[in-house]
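One structure below.
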Amino acid sequence: MASIETAAPAADAPPVAATQPPPAPAAGTAWTRKDLLDTDVLSAAEIALVLETAEAMAEVRERPVGRVAALRGTTVVTLFYEHSTRTRASFELAAKALGADVVNLAASASSVEKGESLVDTVRTLEAIGADVLALRHPASGAAALAARHTAASVVNGGDGAHAHPTQALLDLYTMRRHLGDLAGRKVAIVGDVLHSRVARSNLWALRAAGAHVALCGPATLLPRTFAAPRALAEDTGAGACEVTSDLAGALADADAVMALRIQRERQGQGPAPSLRDYVRQYQITEERLARARPHAIVMHPGPMNEGVEIAPEVAHGPRSVVEEQVAGGVAVRMAALYLLATARRR
Amino acid sequence: MSALLIRGGRVVDPAAGRDERADVLIADGRVRAIGAGLDAGGAETLDARGCVVAPGFVDLHAHLREPGFEQKGTIATETEAALRGGFTTVCAMPNTTPPPDSGAAVRGLLERAGRDARVRVAPVGCVTAGRAGRRLAELAELAEAGCVAVSDDGDPVAGGDLLRHALALGGALGLVVAEHCDDPTLSGGGVMHEGATGERLGLRGQPAAAEEAAVARAIALCELTGGRLHLMHLSTAGSVEQAARAKERGLPLTCEVTPSHLFLTEEAVAGGGAAPAYDTSAKVNPPLRTERDRRALLAGVNEGVIDAIATDHAPHAPEEKLREFDAAPFGISCAETALATVTTLAARGELDPAAALRALTHGPAEAFALARHAPGAGTLTPGLAADATVFDPDERWTVDPARFASKGRNTPLAGMELRGRVRAVVVAGVLRHAAAPAEAAHG
């Protein structure tokens with residue numbers, strides 16, 4: 001792997017980073033993929049490579065300058081067809097911290113409003129020199145479609161209910177910091193799992209890392225085909241997956257609890273009777289967390305509806321690592337952009 | 001009119017129980033004789049050795065797109081596609097703009113077909129005015145204008161009361177009511193089968209129950225009215241089972257399946273690679289289902305529960321399918337691969353060749369009683385109109401949508417090697433299509 005070169009230091013800042021070694025790659029693993037579309041195709045070694053690269057990036061972020069020139073001359077375009085605060089901002093910060101040129105496009109302010117198709121849009125962006133596209137789109141499979149029709153690298157910033165790989169990777173990054181090796185750990189993911197790209201990408205990555213996952217929520221918001229019993233999973237070294245409507249069982253002995261955002265617009269329209277009814281059964285509260293392990297951390301991909309899927313005292317309590325997740329998001333997205341962009345140069 | 005002798009083929013006509021090596025002599029638009037060693041006289045001869053000579057295929061379900069959607073297909077292009085696929089009669093579905101909901105509209109369609117069509121076109125009229133699901137279309141007028149059936153295809157008939165009335169009235173008019181069985185409150189917004197693949201891909205699913213509940217409704221109303229019901233493009237094991245039980249009870253219903261549902265499952269959407277492909281060419285309504293469903297559909301054809309293999313040929317313009325999966329339209333351009341799909345399944349031992357050929361010829365002709373309009377459709381009978389399809393059940397070829405006659409290149413079979421190819425097609429005694437055998441045939 002190429003070393004992370006430092007940006008030209010500002011006059012008032014010492015060139016601290018100049019002597020820093022490059023991040024150590026996982027044994028024998030190099031990034032070779034053009035795109036990062038989901039975690040399901042990644043090997044455990046590739047996931048480890050991203051997380052280790054992210055550690056090095058976090059270190060860069062802690063330096064006084066906080067940026068390097070590793071991607072100088074690389075153009076990163078963020079193309080967002082949905083509103084986003086943290087994902088879009090952290091992609092932009094990540095690209096800038098690596099010295100890349102950044103163009104931010106929102107679908108509402110682009111030719112998309114005039115009817116331009118996704119395929120034509122990504123071809124246009126490639127023609128004007130985009131090397132990496134960070135794409136957020138409401139349709140599942142949009143990132144795969146874009147990736148097929150451009151030579152630029154596509155990093156999926158969330159497509160419909162399908163995948164959100166950088167979110168899952170930053171979640172694993174955060175969990176590893178607190179829990180160490182994730183093999184044999186139990187992670188409970190609670191909420192509208194059926195419509196959650198965060199839950200899917202986490203499920204694939206966590207199972208690949210050997211963690212057991214409990215997916216929990218009202219029956220109408222749960223997938224029906226994701227269960228993988230321990231006996232079967234252990235043969236492959238993958239973690240198991242349990243799908244349950246029983247919150248107490250899902251939280252029992254959990255090492256990490258992830259609450260998913262309950263989309264208000266979806267409630268009261270069929271799948272769930274009301275927010276109130278959801279809160280009664282599935283809100284993550286201090287009392288309910290007593291079933292989890294004493295050291296268990298509480299996570300949320302944001303944005304949170306405090307008082308719905310998570311009680312305010314939990315969201316801001318000692319177990320909460322929500323802000324750490326956001327900070328880790330920049331490091332993980334730096335790692336993703338760095339790996340994709342440097343693979344392009346080879 | 002000139003004469004044609006189709007020589008040396010294996011003549012198979014399920015309607016007549018015929019399966020023998022024989023020549024077929026055609027003159028003046030009609031079958032003149034079927035037998036060994038017929039004298040060509042002055043007739044043009046067609047060498048059919050190694051081939052099956054069958055009645056021209058009958059497609060109960062094709063979307064010709066004209067009028068209104070000429071960017072997807074026209075009567076000229078889509079009947080040429082049907083012709084190359086071995087179909088000599090196609091039933092044109094009514095989801096056009098304007099839809100054929102009046103005698104004038106049907107006559108207009110027949111006039112265009114008379115000018116442009118390469119095969120016989122049998123119009124299917126609307127059940128409801130404007131295909132809008134609010135009030136019945138004038139069914140007697142549609143029957144008089146030449147409709148062989150009525151349907152609101154693309155959608156189910158909106159209300160149970162309308163379907164009931166259509167069945168009751170259609171029975172007396174000789175009109176089959178062909179129902180697209182779906183409960184939209186259950187399937188609404190679904191873009192593929194609700195199951196393992198859809199969950200993995202994060203795509204909204206249509207549960208099998210959405211079709212099966214609507215099949216149950218249609219069968220109950222068939223029983224209530226005694227009207228002639230046809231269940232279109234069945235896709236689930238539960239639907240086949242219901243149709244079988246209804247037939248056992250003697251209800252006047254028929255049903256069809258598409259080659260796509262016989263050949264593919266929900267996994268076609270994901271494709272064969274490690275990362276899901278979201279192949280919009282495999283987006284079809286009803287959706288491709290599970291392997292269990294596929295096996296039940298195959299058994300349905302083999303056991304005669306399913307009367308017809310109908311293409312649901314649904315061409316779309318390339319840019320319409322080059323979209324996000326959610327945004328792409330439903331439909332597969334199927335006419336030119338239908339036979340090869342069937343013969344490939346037969347070669348694998350999954351389809352009984354005799355049952356499959358019946359479901360391409362006599363089965364559909366009987367289902368819509370086409371003999372009233374086109375005597376000879378679905379059979380090779382001396383004295384009747386000569387529609388014949390000659391195919392080599394073994395010839396291997398690779399599907400290349402760029403070579404389709406259809407404007408629709410939307411097939412999930414692109415690049416796939418199939419076995420079985422149409423070699424010649426005769427419509428009303430005229431050799432309309434003749435394909436040279438592939439260089440690597442029998443390879």
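The values are calculated or read from the model by the stated rules, or taken from the named source; none is laboratory data. Keep in mind the model is a prediction, meaning the values are calculated, not measured. Don't worry about glycine lacking a Cβ; one is built from the backbone with ideal geometry, like all the others, and counts go over all protein chains shown. Each accessible area value is taken on the protein alone, full model and side chains, heavy atoms only, with ligands, DNA and RNA left out. Shrake-Rupley method; radii C 1.70, N 1.55, O 1.52, S 1.80 Å.
Among the residues of segment B:197-215, is any away from chain A (no Cβ under 14 Å), over 14 Å from B:Cys255 (Cβ atoms), open to solvent by 10 Å² or more (accessible area, probe 1.4 Å) and in a loop (DSSP other than H, G, I, E, B)? No; the residues of segment B:197-215 include none that is away from chain A (no Cβ under 14 Å), over 14 Å from B:Cys255 (Cβ atoms), open to solvent by 10 Å² or more (accessible area, probe 1.4 Å) and in a loop (DSSP other than H, G, I, E, B). Listed here are the helices (runs of 4 or more DSSP H) enclosed by segment B:312-425 that have at least 2 residues being crowded, with 24+ Cβ neighbours inside 10 Å: B:338-347, B:353-360, B:362-367. The residues on offer are A:Arg230, A:Arg177, A:Arg200, and the sole one that is of a type in the set (D, E, K, R), outside the structural domain of A:Tyr81 (by TED's automatic domain parsing), open to solvent by 50 Å² or more (accessible area, probe 1.4 Å) and modelled with pLDDT of 95 or more is A:Arg177. Is it the case that some residue within segment B:372-386 is under 12 Å from the mean Cα position of the chain (by Cα) and not charged (D, E, K, R)? The answer is no, given that none of the residues of segment B:372-386 is under 12 Å from the mean Cα position of the chain (by Cα) and not charged (D, E, K, R). When B:Leu360 is tested against (1) free of Cβ contacts under 8 Å to residues at least 24 places away in the same chain; (2) more than 14 Å from chain A (Cβ to nearest Cβ); (3) among the hydrophobic types (A, V, I, L, M, F, W, C), only condition (1) is not met. Filtering segment B:299-320 to residues that are in contact (Cβ under 8 Å) with a residue 24 or more places away in the chain and within 14 Å of chain A (Cβ to nearest Cβ) leaves B:Ala317, B:Pro318, B:Glu320.
Taken as a whole, the structure places A:Ala27 among residues that are at pLDDT 50 or above, open to solvent by 50 Å² or more (accessible area, probe 1.4 Å) and either out of contact with any Ser or Thr (no Cβ under 6 Å at 6 or more places or on another chain) or within 26 Å of A:Trp204 (Cα to Cα) (or both).
Counting only residues that are open to solvent by 10 Å² or more (accessible area, probe 1.4 Å), more than 16 Å from the chain's Cα centre (by Cα) and within 14 Å of another protein chain (Cβ to nearest Cβ), segment A:122-137 holds 1 of them. Scanning segment B:275-285 for residues that are aliphatic (A, V, I, L, M) and open to solvent by less than 40 Å² (accessible area, probe 1.4 Å), we see that the one that is nearest to the other protein chains (Cβ to nearest Cβ) is B:Ala277.
Being away from chain B (no Cβ under 14 Å), hydroxyl-bearing (Ser, Thr, Tyr) and open to solvent by less than 50 Å² (accessible area, probe 1.4 Å) is the filter here; which residues of segment A:38-92 pass it?
Taking segment A:38-92 first, the residues away from chain B (no Cβ under 14 Å) are A:44-45, A:47-78, A:80, A:83-92.
Restricting the remaining residues to those that are hydroxyl-bearing (Ser, Thr, Tyr) gives A:53, A:74-75, A:78, A:84-85, A:87, A:90.
Passing the criteria: A:Thr53, A:Thr74, A:Thr75, A:Thr78, A:Ser84, A:Thr87, A:Ser90.
Among the residues of segment B:253-274, the ones that are open to solvent by 20 Å² or more (accessible area, probe 1.4 Å), outside any loop (DSSP other than H, G, I, E, B) and among the aliphatic types (A, V, I, L, M) come to 1 in all. Return a yes/no flag: does segment B:97-117 have any residue that is under 25 Å from B:Glu66 (Cβ atoms), open to solvent by less than 10 Å² (accessible area, probe 1.4 Å) and in contact (Cβ under 8 Å) with a residue 60 or more places away in the chain. Looking through segment B:97-117, none of the residues is under 25 Å from B:Glu66 (Cβ atoms), open to solvent by less than 10 Å² (accessible area, probe 1.4 Å) and in contact (Cβ under 8 Å) with a residue 60 or more places away in the chain. Counting the residues of segment A:53-76 that are more than 28 Å from A:Leu125 (Cβ to Cβ) and either assigned to a helix (DSSP H, G or I) or among the charged types (D, E, K, R) (or both) gives 6.
Could you please let me know if B:Arg228 is over 20 Å from B:Tyr278 (Cβ atoms), surrounded by fewer than 23 Cβ atoms within 10 Å (Cβ to Cβ), of a type in the set (D, E, K, R) and away from every other protein chain (no Cβ under 14 Å)? Show your work before the answer.
Values: over 20 Å from B:Tyr278 (Cβ atoms): yes; surrounded by fewer than 23 Cβ atoms within 10 Å (Cβ to Cβ): no; of a type in the set (D, E, K, R): yes; away from every other protein chain (no Cβ under 14 Å): yes.
Judged against the criteria, B:Arg228 is not a match.
Have a look at A:Val298, A:Val314 and point out the one that is crowded, with 19+ Cβ neighbours inside 10 Å, part of a strand (DSSP E or B) and modelled with pLDDT of 95 or more.
On the way: A:Val314 fails: part of a strand (DSSP E or B).
The match here is A:Val298.
Screening B:Thr96, B:Thr128, B:Thr197 for residues that are under 22 Å from the mean Cα position of the chain (by Cα), of a type in the set (S, T, N, Q) and modelled with pLDDT of 95 or more leaves exactly one candidate, B:Thr96. Inspect segment B:136-157 for any residue being at pLDDT 95 or above, within 30 Å of B:Val426 (Cβ to Cβ), surrounded by fewer than 23 Cβ atoms within 10 Å (Cβ to Cβ) and hydrophobic (A, V, I, L, M, F, W, C) and give the result as yes or no. Taking every residue of segment B:136-157 in turn, at least one turns out to be at pLDDT 95 or above, within 30 Å of B:Val426 (Cβ to Cβ), surrounded by fewer than 23 Cβ atoms within 10 Å (Cβ to Cβ) and hydrophobic (A, V, I, L, M, F, W, C).
Taken together, the residues in segment A:77-111 that are of a type outside the set (D, E, K, R) and in a helix (DSSP H, G or I) amount to 12.
Quick test for you: out of B:Arg115, B:Arg131, pick the one residue that is within 16 Å of B:Ala178 (Cβ to Cβ) and among the basic types (Lys, Arg). Even if it seems obvious, please write down each step before you answer.
Numbers: B:Arg115 fails: within 16 Å of B:Ala178 (Cβ to Cβ).
Exactly one of B:Arg115, B:Arg131 is within 16 Å of B:Ala178 (Cβ to Cβ) and among the basic types (Lys, Arg), namely B:Arg131.
With the condition kept exactly as written, say whether any residue in segment A:268-290 is aromatic (Phe, Trp, Tyr) and touching a residue at least 40 places away in the same chain (Cβ under 8 Å).
Step one: of segment A:268-290, the residues aromatic (Phe, Trp, Tyr) are A:278, A:282.
Then drop every residue that is not touching a residue at least 40 places away in the same chain (Cβ under 8 Å), which leaves A:278, A:282.
The answer is yes; a qualifying residue exists.
Counting only residues that are without any contact (Cβ under 8 Å) to a residue 60 or more places away in the chain and open to solvent by 30 Å² or more (accessible area, probe 1.4 Å), segment B:286-298 holds 3 of them. The helices (runs of 4 or more DSSP H) located wholly in segment A:152-255 that include 2 or more residues which are farther than 30 Å from A:Thr124 by Cα and within 14 Å of chain B (Cβ to nearest Cβ) occupy A:197-208. Considering (1) in contact with a helix residue (DSSP H, G or I) (Cβ under 6 Å, 6 or more places away or on another chain); (2) within 14 Å of chain A (Cβ to nearest Cβ), the lone condition that B:Ala346 does not fulfil carries the number (2).
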